[in-house]
Amino acid sequence: MTTAHQPDIRPARLAQSAYAQAFADASPRLTRSQTLLEAERCLYCFDAPCTTACPTGIDVPSFIRRIAEDNLRGAARTILESNPMGGMCARVCPTETLCEAVCVRNTQEDRPVAIGRLQRHAVDALMESDRPQVFTRAPETGKRVAVVGAGPAGLACAYTLARQGHSVALFDARPKIGGLNEYGLASYKTPDDFAQREVQWLLAIGGITVHHGWKLETTAQLDTLRRDHGAVFLGMGLSATHVLGIPGERLNGVRPAVDFIAELRQCADVSTLPVGRRVVIIGGGMTAVDAAVQSKLLGAETVHMVYRRGPEGLSASQAEQEWAQKHDVRLHYWLAPQEIVGTLDLANPTATDAGHVCAVRFARQSLVDGKVTPTGETEVLQADMVLKAIGQQLGNPLLQQAGFALQDGRIATDAEGQTNLSGVWAGGDCRYGAPDLTVEAVEHGKQSAHAIHAYLVET
Amino acid sequence: MANLHTTFAGIHSPNPFWLASAPPTDKAYNVNRAFEAGWGGVVWKTLGEAGPPIVNVNGPRYGALLTPDRRLMGFNNIELITDRDLDLNLAEIAEVKRNWPDRAMVVSLMVPCQEESWKAILSRLVDTGADGIELNFGCPHGMSERGMGAAVGQVPEYIEMVTAWCKQYSKLPVIVKLTPNITDIRLPARAAKKGGADAVSLINTINSIMGVDPTTLTMSPNTGGKGSHGGYCGPAVKPIALNMVAEIARDPLTAGLPISGIGGIGNWRDALDFIALGAANVQVCTAAMVYGFKIVQEMADGLSNYMDEMGFTRVEQIVGKALPTVTHWQYLNLNHISKAVINQDTCIQCGRCHIACEDTSHQAITSERDGKRHFEVKEDECVGCNLCALVCPVPECITLRSLAPGEKDLRTGAEVSDKHADWTTHPNNPMREASKL
């Protein structure tokens, strides 16, 4: 295939004034009046299904009743007791598949109580109050714990341990802490620097020392951590995007969606960010949706989100899919990427990684006798930019060297996150079986913190 | 179409819905609007003696008990009787009555407990064309401290005395408005009848304080930091009023005395409750103050459609219709057995029935079956108390089933009897002979 097409990637596709509106809060705050009306819809269920559905087990009816009783501080405390990152989770949780999915109001009225938005109302009110702290750190225990990775899992673990009086050394490779909360979520989900404001709230408990720009790269580092601390928690997430393994993957204009999202989140003026006129996102998860919608918001003309299986396999929730469609993202199913086509002569396969992407060729697939099978047809989507949102992997050879039991490339642990190395726990995306939601990472961190606390008290 | 025309103590009105003596009937402007909207009659806001009018506070006169979605359940006020000049009121009453001859025009009165005072005010009414008078023996605030309103209504002898004066000095029908702020409502009603009253109306408002401001720890509502108890009304007081109406209607000493039912009436269903328990018409205030005068149209239409449906042609046919079902507790059939039934098809599985029963009643509702959320009545524990049906958020999801005679009550193991047996005959009652009233 030969083409002389010129790529069209550039910043400032929109009028300067349009950006602020495009990247404004996706789910504006409820007013006080809306909050009280919505809180009143909660039936205060016995053994509430929403609480059971919450990975962190927030006592939802109790916090909503406190909101209804004008006790926002008590409501926030109830939330944060179970989930110290209840503020972020209120913004990013796919509540429509968790607490709100099982709300009995669905059965009665086809509309659940807006639990996520109520939760946000309560936590925001607390954090913006003049007494934002609700918990007091227990007396210093003299025990030291190292936490590697300051994403949701690491922060939740560090916070829970610090609250119990332990001293936590928190290590992170990036300039800012927060992990994917800071670098991996769409801007409109966490506007107004909420990730950092939440980090500040967490650190204010005291007893946590942050070490920036620290990356776990050698077994010697791990040995030192284990020697100097009573316990170690690993929550460093996943660092490498999976490889498609098709020709053209290294063409200019092809990049991991997480990098695109991170750049966007850290950009002070998004109008300076280049975006393709035509963007193809490969993948079907929430990262794919975040990348697709934000491409559109930056001014891309056409954005295709392409998934190799059918709609039922998509890991982005129904609400996320609707959000994408609302932003005119075109969803394609049953298309497996076959080749990323560049602007240079591609007749010669050895030259496929030269030049700039201009299209992606997909093989159409279908389900035959329960097996995904190519139909023989191909489809080509023109593209100036290709974002890969096909999941990430650990990509850290150290773990194997250090003797960790791994499973599917991630660290194998028990139910509370304890690894096969004594005194070492792991949680969040780097732990095997992690279902990849922020709220689940938080629960990992919290569970491991409780296990570590019990372990430290014994030793 | 049912005829809603009623005659109450000789006073005709095109429907049984009157506006009670209160702010909505304070002046010609409001009353004209009320009649335009369709109200059958009004009781003009209470007139006092000639001379300098009374003075109201210039702060909040009203307080409310609201549901969280701000529907008004209870209402309280500290407004006094009219604060307008007597002559002006009388002139307006005459003019409005002239313009609306088919509507009931009753004038509420409250003057000091002296024969001369009553004689004087009654003589002023003669030329107004008013259809009747209502004696305000009920206002619990402001005027009662001056020896009027509830201060009279709480002393049956005064009621009888003043009523007799009014019958002596006026040809108009006399309706005595009763205060609920007493122990036994039958006594003032009997006194009114003895004094010659043509009818009673009830209830007036109930002594109340609405709450406390949590920041200032000041009672509410308050005027410049101090408050005073007000009169409570609105939907929340209806059950109290219904009981009092039924008490008077059932009392042999007041039997046949027309009753104008007042207290929390906001729709035709409320009105029907009062009428079926003995009221010949009803008076409304709070609902009009919340929604405006137009609600009378829905009330009249609702009652009319109900009557058509039930085959009633005149309101009188319903008056007191439910009274034979009201009795003393000791005559309730203790052999009657009810059990709650949960409709599994409409149950939304909130579990409120379970926790209410489990924590506060008879542990008669399950919470799971085969490891799954499931709420079902355990008939061997259920006493048929009705709590579950009331806390259930789904209408008609939980109902009470009456066991048929011969059926086994799983709680007691006994067969349900078809015989009536009440406390007066119950073996556990040591006073079973004496308890027969």
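The values are calculated or read from the model by the stated rules, or taken from the named source; none is laboratory data. Because the structure is predicted, anything quoted here is derived from the model rather than measured. Don't worry about glycine lacking a Cβ; one is built from the backbone with ideal geometry, like all the others, and counts go over all protein chains shown.
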Looking only at segment A:180-204, and only at residues there that are touching a residue at least 60 places away in the same chain (Cβ under 8 Å) and over 21 Å from A:R29 (Cα atoms), the one that is farthest from the chain's Cα centre (by Cα): A:A204
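Conditions (1) hydroxyl-bearing (S, T, Y); (2) within 24 Å of A:C267 (Cβ to Cβ); (3) surrounded by 15 or more Cβ atoms within 10 Å (Cβ to Cβ), marked per residue:
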site: A:Y183; (1), (2), (3): yes, yes, yes
site: A:Y188; (1), (2), (3): yes, yes, yes
site: A:Q200; (1), (2), (3): no, yes, no
site: A:G207; (1), (2), (3): no, no, yes
site: A:H212; (1), (2), (3): no, yes, no
site: A:L222; (1), (2), (3): no, no, yes
Test: B:A279 is modelled with pLDDT of 95 or more and either assigned to a helix (DSSP H, G or I) or over 21 Å from B:I203 (Cβ atoms) (or both): no
Flag for A:T51 being in a helix (DSSP H, G or I) and within 14 Å of chain B (Cβ to nearest Cβ): yes
Long-range neighbours under 7 Å by Cβ, at least six apart or interchain, first residue not assigned by TED's automatic domain parsing to the domain that holds A:S271 within segment A:7-33, second aliphatic (A, V, I, L, M) and part of a loop (DSSP other than H, G, I, E, B): A:P11/A:L273; A:R13/A:L298
Residues of segment B:126-141 classified as surrounded by fewer than 20 Cβ atoms within 10 Å (Cβ to Cβ) and either assigned to a loop (DSSP other than H, G, I, E, B) or among the aliphatic types (A, V, I, L, M) (or both), total: 2
Verdict on A:E69 being more than 14 Å from chain B (Cβ to nearest Cβ) and either surrounded by fewer than 18 Cβ atoms within 10 Å (Cβ to Cβ) or not β-branched (V, I, T) (or both): no
Unmet criterion (only one of (1) touching a strand residue (DSSP E or B) at 6+ places or on another chain (Cβ under 8 Å); (2) buried (at least 21 other Cβ atoms within 10 Å of the Cβ); (3) assigned by TED's automatic domain parsing to the domain that holds A:G165) for A:Y432: (2)
Pairs where the first residue, in segment B:331-360, is of a type in the set (K, R) and the second is part of a helix (DSSP H, G or I), C-beta under 9 Å, 6+ apart: B:R352/B:C388; B:R352/B:V391
Matching entry among A:T160, A:T241 (being closer than 23 Å to A:G87 by Cβ, in contact (Cβ under 8 Å) with a residue 12 or more places away in the chain and buried (at least 20 other Cβ atoms within 10 Å of the Cβ)): A:T160
Those residues of segment B:338-380 which are touching a Phe, Trp or Tyr at 6+ places or on another chain (Cβ under 7 Å), farther than 17 Å from A:T52 by Cβ and facing chain A (nearest Cβ under 9 Å), in sequence order: B:C347, B:C353
Number of the exception - B:A94 against (1) under 29 Å from B:R61 (Cα atoms); (2) without any contact (Cβ under 8 Å) to a residue 24 or more places away in the chain; (3) surrounded by fewer than 20 Cβ atoms within 10 Å (Cβ to Cβ): (2)
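Tell me, which residue of segment B:236-251 that is surrounded by 22 or more Cβ atoms within 10 Å (Cβ to Cβ) and in contact (Cβ under 8 Å) with a residue 40 or more places away in the chain is nearest to the chain's Cα centre (by Cα)?
B:A241
Filter segment B:61-91 down to the residues that are β-branched (V, I, T) and buried (at least 17 other Cβ atoms within 10 Å of the Cβ), then identify the one that is nearest to the other protein chains (Cβ to nearest Cβ).
B:I78
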